[in-house]
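A.B. asks: Quick one: the structure is below, questions incoming.
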């Protein structure tokens, strides 16, 4: 992605999906009809039919991945661009890109610098998660 393309995407589910795919390695799986972690199985193994807390009879996938949120029966892409703990997972997974995060009180902006090989780049954003996501996307496209 180019700098202009990255800066045009605002915080939200579209950016979260881009980060999941381009940075965190999520892939589209036909069975799920969406992006899932690359190590996720193509199809879930299901529990036996049982009554849940609300009294409904249903089945649930029993091979859920640890540390991946689910909404209903599907993996849920973390809110990388709006949740600092999810954004920090991006930093942890990509330490080799040497992320540096700083807040400028004068500009009221977050700066996130990254380094790929010997080249540096910097992005600014209103929030730290957004700056991290934009920097990670640019680092991956270097």
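Just so you know, all these numbers are worked out from the coordinates, no wet-lab data involved. Only a predicted model underlies this, so the values are computations on that prediction, with no experimental measurement involved. In this analysis, Cβ positions are derived from the backbone assuming ideal geometry, glycine residues included, and neighbour counts consider all displayed protein chains.
A.B. asks: Among 23-34, 125-136, what's the highest-first ranking by average C-beta atoms within 10 angstrom per residue? Kindly include the intermediate steps, with their values, before the conclusion.
C.D. replies: Details: 23-34: 14.6, 125-136: 23.3.
Result, highest mean Cβ count within 10 Å first: 125-136, 23-34.
A.B. asks: A follow-up question, please. Modelled label-to-label distance, residue 28 and residue 142, 7 Å Cα→beta-carbon offset: nm?
C.D. replies: Taking the two extended label points, one gets 2.9 nm.
A.B. asks: Testing the spin-label approximation: label points 7 Å from Cα along Cα→Cβ at residue 119 and residue 107. State their distance in nm.
C.D. replies: Label at residue 119, label at residue 107, 2.0 nm between them.
A.B. asks: What does the highest-first list of 102-113, 82-93 look like by mean Cβ count within 10 Å? Mind showing how you got there, number by number?
C.D. replies: Values: 102-113: 13.2, 82-93: 16.2.
Peptide ranking by packing, descending: 82-93, 102-113.
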